[in-house]
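Participant: The structure is given below, and queries will be raised subsequently.
The values are calculated or read from the model by the stated rules, or taken from the named source; none is laboratory data. As the structure is a prediction and not an experimental result, all values here were calculated from the model. All Cβ positions, glycine included, derive from the backbone under ideal geometry; neighbour counts span all protein chains shown. Side chains are part of the model used for accessible areas, which takes the heavy atoms of the whole protein and leaves out ligands, DNA and RNA. Shrake-Rupley method; radii C 1.70, N 1.55, O 1.52, S 1.80 Å.
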Amino acid sequence: MNLDFSVVLTKIPILLEGCVVTLQISFFALLLGMIFGIAGALCRISSNRALNSIAFMYVWVIRGTPVMVQLFILYFGLPQLGIKLPSMVAGVLGLAINTGAYVTEIIRAGIQAVDKGQMEAALSVGMSFRQAMVRIIGPQATKICIPPLVNQFIMTLKNSSIASLVTITELFRTGEQIIYTTFRSFEVYTAVAVLYLIMNSVFMVIADRLERKMARQ
Amino acid sequence: MNYIVEMKNVYKSFGPVEVLKDFNIQLLEGEKVVIIGPSGSGKSTVLRCINKLEPIQSGEIFFEGKKVDEQTDLCDLRTHIGMVFQRFNLFPHKTALENIVEAPLVVKGMSRADAETIGEELLTRVGLADKRDSYPRELSGGQQQRVAIARALAMNPKILLFDEPTSALDPELVGEVLVVMKDLATEGMTMVVVTHEMAFAKDVADRVIFMDGGVIVEEGTPADIFETPSQERTQQFLKRIRH
Ligand SMILES: Nc1ncnc2c1ncn2[C@@H]1O[C@H](COP(=O)(O)OP(=O)(O)O)[C@@H](O)[C@H]1O
Ligand SMILES: [Mg+2]
């Protein structure tokens, strides 16, 4: 056996740069994905037929196709239609569109999981639909949504490794580049895995705190 | 005669299911009406049509003589019509006091200080002044329902609708809720109560309505309906619930 983790140690600064890019992609993908998801969920629960169908199609198509294919269509496919997106934009947008579809479903399910009696009680004291959504249904749905959203955030962070395929030098691609010159596949991939695990763990701990805080209320 | 609520020839269906058929009812100010009837007969639907939680297919509903139609501000209408639900439906993320002050704050735009003064008065009125900071899950069913009554009173409604307010409660907790309701009745509140608590109906009701299959089968004083019902369906129903 011929393992040498000292290679990894010397490459830590470069790997950390990869982590930063991964976190950047994930952050913007999650931010945009949440916006898409909230908008999608509101469309899904609205009584407007057109909005409802659009949101339904969005979720259907995105959930039913691989995220890698979605990303390739954005980055390699669109230029054929004259739309050339920078790799970073394509990467973030692709991940955001993908995340948004799942978030749509999570939020829709969360809203619908709130007891119907809550909306009725809110309306019966004279609140408008909007007031009831914001003040009564929203907070309860948020609590229900947190665990599945945390799950989705973790998925998005891991899926960001696919951005390497559209030439973004995030953590995974950084690792591959190190391997090209050092031939230390096992050591470097292991280091990459550990770094993903650490990033997700930090995230899980924060989420866990938040969940406990909400549960206490 | 000026009615506070009047339903005229109301027809209501859920898809193919006809729930109210040519339904008519008039409620006088200060009147206490108890509605009884088998499950599925449309009792809840009547209440939910009065405050427009349910749309109707045809017929007319008047509130204080004004027809409720597309022009009606439903939020405003509902502030005048309090509703108490079988399952309480308190807001679980809000304390007892917050449940009560929510509508005065948000709907009426009252100041927090004023709203809380009213909220505390109402909590005292339902005997729960010491529970102002408790969350619904920390309260018994009877206490939750009393908070729900206080919440319904917070907008100073002209009429209160109760949909089987005690049927989700353990028997030993029914009394405390009925006491609060009787107090309200004594104070002159207009009330429509769907309940099978016959002692309460005899005590409080000016009029008892027996519904079946989406129509009023029979109505009269509690004595009329409970002692000498004229319709066979009423007799059979009473026989069933007395066992
Ligand atoms: N939201 C609804 N959708 C479909 N059917 C309903 C709905 N609400 C009530 N119903 C039907 O309407 C009928 C009357 O219901 P309801 O007014 O709740 O009766 P009650 O309160 O007397 O038990 C029942 O047959 C019930 O199944
Ligand atoms: Mg009912």
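Participant: Please determine whether any residue of the stretch B:74-82 is away from ligand 1 (no atom under 16 Å from the Cβ), within 16 Å of the chain's Cα centre (by Cα), β-branched (Val, Ile, Thr) and open to solvent by less than 20 Å² (accessible area, probe 1.4 Å).
Facilitator: Looking for residues that are away from ligand 1 (no atom under 16 Å from the Cβ), within 16 Å of the chain's Cα centre (by Cα), β-branched (Val, Ile, Thr) and open to solvent by less than 20 Å² (accessible area, probe 1.4 Å), one finds at least one in the stretch B:74-82, hence yes.
Participant: So, in the stretch B:128-154, of the ones that are within 12 Å of B:GLU98 (Cβ to Cβ) and in a loop (DSSP other than H, G, I, E, B), which residue ends up least open to solvent (accessible area, probe 1.4 Å)?
Facilitator: B:ALA154
Participant: Shifting gears a bit: Select from the stretch A:13-60 the residues that are aliphatic (A, V, I, L, M) and open to solvent by 70 Å² or more (accessible area, probe 1.4 Å) and list them in ascending order.
Facilitator: A:ILE14, A:LEU16, A:VAL20, A:LEU23, A:LEU31, A:ILE35, A:ILE38, A:LEU42, A:LEU51, A:ILE54, A:MET57
Participant: Please work out which residue is farthest from the other protein chains (Cβ to nearest Cβ), limiting yourself to the stretch A:110-121 and to residues that are open to solvent by 30 Å² or more (accessible area, probe 1.4 Å) and over 16 Å from A:SER46 (Cβ atoms).
Facilitator: Here the residue is A:ALA113.
Participant: Name the helices (runs of 4 or more DSSP H) wholly inside the stretch B:30-127 in which the number of residues that are within 9 Å of chain A (Cβ to nearest Cβ) and away from ligand 2 (no atom under 16 Å from the Cβ) is 3 or more.
Facilitator: Correct list: B:74-79, B:96-106.
Participant: Starting from residues that are without any contact (Cβ under 8 Å) to a residue 60 or more places away in the chain and closer than 23 Å to B:LYS43 by Cα, keep the ones in the stretch B:128-146 and report whichever is nearest to the other protein chains (Cβ to nearest Cβ).
Facilitator: My answer is B:GLN144.
Participant: Conditions: (1) of a type outside the set (Asp, Glu); (2) more than 13 Å from ligand 1 (Cβ to nearest atom); (3) without any contact (Cβ under 8 Å) to a residue 24 or more places away in the chain. B:GLY40 meets all but one. Number of the miss?
Facilitator: So B:GLY40 meets the others, but not (2).
Participant: Oh, and also: I'd like the full set of residues that are within 14 Å of ligand 2 (Cβ to nearest atom), in a loop (DSSP other than H, G, I, E, B) and within 13 Å of the chain's Cα centre (by Cα), limited to the stretch B:181-215.
Facilitator: Across the stretch B:181-215, the qualifying residue is only B:THR195.
Yes or no, residue by residue, for (1) assigned to a helix (DSSP H, G or I); (2) within 14 Å of chain B (Cβ to nearest Cβ); (3) modelled with pLDDT of 95 or more:
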{"residue": "A:LEU95", "(1), (2), (3)": "yes, no, yes"}
{"residue": "A:LEU123", "(1), (2), (3)": "yes, yes, yes"}
{"residue": "A:MET127", "(1), (2), (3)": "no, yes, yes"}
{"residue": "A:GLN131", "(1), (2), (3)": "yes, yes, yes"}
{"residue": "A:LYS143", "(1), (2), (3)": "yes, yes, no"}
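Participant: Inside the stretch A:145-172, can you point out the residues that are away from every other protein chain (no Cβ under 14 Å) and of a type in the set (Val, Ile, Thr)?
Facilitator: Scanning the stretch A:145-172 gives A:VAL150, A:ILE154, A:THR156, A:ILE162, A:VAL166, A:THR167, A:ILE168, A:THR169.
Participant: From the list B:ARG78, B:ARG146, which residue is under 20 Å from B:LYS182 (Cα atoms) and among the basic types (Lys, Arg)?
Facilitator: None of the others qualify; the one that does is B:ARG146.
Participant: If you scan the stretch A:63-87, which residues turn out to be in contact (Cβ under 8 Å) with a residue 60 or more places away in the chain and open to solvent by 70 Å² or more (accessible area, probe 1.4 Å)?
Facilitator: Answer for the stretch A:63-87, where residues must be in contact (Cβ under 8 Å) with a residue 60 or more places away in the chain and open to solvent by 70 Å² or more (accessible area, probe 1.4 Å): A:MET68, A:PHE72, A:PHE76.
Participant: Tell me, please, whether a residue that is under 29 Å from B:ARG112 (Cα atoms), in contact with a strand residue (DSSP E or B) (Cβ under 9 Å, 6 or more places away or on another chain) and open to solvent by 60 Å² or more (accessible area, probe 1.4 Å) can be found in the stretch B:191-203.
Facilitator: no
Participant: Which number in (1) within 14 Å of chain B (Cβ to nearest Cβ); (2) modelled with pLDDT of 95 or more; (3) outside any helix (DSSP H, G or I) marks the one condition that A:THR65 misses?
Facilitator: Tallying (1) within 14 Å of chain B (Cβ to nearest Cβ); (2) modelled with pLDDT of 95 or more; (3) outside any helix (DSSP H, G or I), A:THR65 fails exactly one: (1).
Participant: Right, here's the next one. Listed residues A:ILE136, A:ILE179; which is within 14 Å of another protein chain (Cβ to nearest Cβ) and either assigned to a helix (DSSP H, G or I) or at pLDDT 95 or above (or both)? Give the derivation first.
Facilitator: Numbers: A:ILE179 fails: within 14 Å of another protein chain (Cβ to nearest Cβ).
Among A:ILE136, A:ILE179, only A:ILE136 is within 14 Å of another protein chain (Cβ to nearest Cβ) and either assigned to a helix (DSSP H, G or I) or at pLDDT 95 or above (or both).
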